[in-house]
Amino acid sequence: MLSMEMLITSDNEVRVLDAFVEALDMQKLGFNEALADEGRPPFHPGTFLKLYLYGYMNRIRSSRRLEKECERNIEVKWLLGNLVPNYHSIADFRKDYGKQFRAVFKLFVLFLREENLLGKKTVGIDGSKFRAVNSKKNNFNEKKIKKHMAYIENKAVEYMQELDRMDTEENNTKEKFIRKQDIKKKLKQLKERKLNYEEIQKQVERSEDGQVSATDAESKALIINKNIVEVSYNAQTAVDDKNNLLVHYEATNKNDAKALHKAAAAAKEILQAETLTILADKGYHNGEQLAKCEKENITTVVAYREQPSVKHLDKKYLVENFQYNKNKDTYTCPQGHTMKTNGNWYKKNHRSEKRKTGGTTEVKHYKTPHCKNCPVLNQCTKNTGGRGRVIERSKHQDAVDRNNHRVKTRRELYNRRQTICEHPFGTIKRAWGYTYTLLKGLKKVDGEMGLIFTCYNLRRTISIMGVEK
């Protein structure tokens with residue numbers, strides 16, 4: 001009869017999971033022993049960690065299914081030494097140790113660094129949305145609440161009119177009495193719904209971004225692609241270019257606009273690199289973020305948005321065709337006129353996202369009195385009756401210009417971004433099917449992302465090195 005040890009071959013990846021978890025100091029990482037049901041001795045936290053790593057690497061996330069695997073799966077039985085934790089204990093472990101999963105991820109990245117599996121020169125930064133445990137139906141903003149309130153008002157008017165009509169009728173049948181009672185019940189329900197929406201409306205008014213999620217309060221409606229919106233979390237990642245291995249992650253509930261510097265600085269720190277080149281798409285193009293990266297010896301190659309052309313204006317008069325003189329702090333327009341600034345900084349509000357989330361930028365204004373008599377004014381600006389053409393220059397424009405120049409001159413480098421960043425998400429979301437999170441709340445979702453990304457790195461490293469090595 002074959003023993004369990006003989007059934008698990010030497011090149012089986014569960015041996016890697018076993019060796020990895022056994023090498024960890026679980027207590028130092030902050031894991032505590034979890035008590036089993038009915039007063040039995042506690043399970044070692046390594047038991048649960050091994051189970052979750054195996055589960056996530058094999059597309060099994062449900063705690064009930066993981067419990068079932070403990071009873072019937074030979075690999076899991078070998079990995080856990082025939083232990084069968086209760087599904088509730090399994091679920092609690094994932095829910096309670098999000099911070100510790102991040103520490104496990106970081107330790108494995110340190111191992112990758114020591115094994116020279118990381119290039120430590122170029123990193124791709126990208127974010128990907130994972131659907132939250134909150135439907136779009138249960139995410140509210142001011143527009144949606146107004147729509148619901150209008151429906152309730154119209155429906156209430158219909159019911160009241162029907163009651164008035166029935167009161168004017170002389171016949172009093174049993175069916176009429178039942179219908180009246182039904183309408184009164186529905187009117188009561190509408191009143192309760194109205195009170196509920198009024199309370200949600202107060203929450204929306206108090207919220208920073210003008211939205212409230214009823215099921216998972218920390219999840220947000222985020223733009224997935226163009227006009228497609230899902231209630232989601234946004235996982236920010238930094239991927240080293242040498243072997244497409246993840247070196248940093250963070251679950252957020254915001255879009256990418258202000259995420260570049262934090263992710264880049266975290267990647268630079270863990271890689272222990274003096275300088276680092278960062279590749280990112282246009283969602284990360286933000287002057288303040290680019291300037292912060294420059295100050296920390298992080299070279300950015302971040303795609304920029306082309307300036308949209310205005311229908312009745314000539315492309316010749318796009319702002320990129322106005323020449324800036326850094327020494328004199330002036331612009332020269334395509335007609336050869338000098339545009340000067342009064343030196344004052346003005347705060348410009350960004351409305352790319354609702355409320356405060358767009359942020360503000362300090363800008364200078366540049367203009368020239370020659371606009372008044374300029375023969376091409378109508379081709380240059382819509383502001384023909386006022387002060388003429390005004391050029392705005394951001395406080396961080398120098399950093400933006402240097403970044404944009406790198407994008408233009410190092411196109412081959414930027415084009416590598418997709419092959420670096422999309423490899424992890426292609427595996428995780430397309431091959432493994434992890435397009436949504438099972439947990440609620442930012443900290444817990446961050447923990448699950450830690451499990452997912454650690455498993456990706458483990459699987460990728462096994463492919464590179466092989467099991468035995």
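Things to note:
- Any chance Lys176 is assigned to a helix (DSSP H, G or I), at pLDDT below 95 and open to solvent by less than 90 Å² (accessible area, probe 1.4 Å): yes
- Wholly within the range 408-469, helices (runs of 4 or more DSSP H) carrying at least 3 residues that are closer than 21 Å to Lys50 by Cα and modelled with pLDDT of 95 or more: 442-465
- Residues of the range 66-83 satisfying the condition of being part of a loop (DSSP other than H, G, I, E, B) and open to solvent by 50 Å² or more (accessible area, probe 1.4 Å): Gly81, Asn82, Leu83
- Boolean, Ala103 is farther than 28 Å from Arg416 by Cβ, touching a strand residue (DSSP E or B) at 6+ places or on another chain (Cβ under 8 Å) and of a type outside the set (Asp, Glu): no
- Residue check for Asn255: in contact (Cβ under 8 Å) with a residue 60 or more places away in the chain, surrounded by 15 or more Cβ atoms within 10 Å (Cβ to Cβ) and not hydroxyl-bearing (Ser, Thr, Tyr): yes
- Boolean, Leu163 is aliphatic (A, V, I, L, M) and free of Cβ contacts under 8 Å to residues at least 40 places away in the same chain: yes
- Within the range 137-152, residues that are within 12 Å of Arg193 (Cα to Cα) have Cβ atoms under 6 Å from residues that are open to solvent by less than 60 Å² (accessible area, probe 1.4 Å) and of a type in the set (A, V, I, L, M, F, W, C) in these pairs: Ile152/Leu190, counting only partners at least 6 apart in sequence or on another chain.
- Selected residue (only one of Tyr414, Tyr436, Tyr456 is among the aromatic types (Phe, Trp, Tyr), within 23 Å of the chain's Cα centre (by Cα), open to solvent by 70 Å² or more (accessible area, probe 1.4 Å) and at negative phi): Tyr436
- Residue check, Glu153 among the acidic types (Asp, Glu), assigned to a helix (DSSP H, G or I) and open to solvent by 50 Å² or more (accessible area, probe 1.4 Å): yes
- Qualifying residue in the range 88-107 (condition: within 17 Å of Leu51 (Cβ to Cβ), more than 25 Å from the chain's Cα centre (by Cα), modelled with pLDDT of 95 or more and crowded, with 17+ Cβ neighbours inside 10 Å): yes
The values are calculated or read from the model by the stated rules, or taken from the named source; none is laboratory data. These figures come from a predicted structure and were not determined experimentally. So basically every Cβ, Gly included, is an ideal-geometry build from the backbone, and we count neighbours across all protein chains shown. Accessible surface areas use protein heavy atoms only, side chains included; no ligands, DNA or RNA. Shrake-Rupley method; radii C 1.70, N 1.55, O 1.52, S 1.80 Å.
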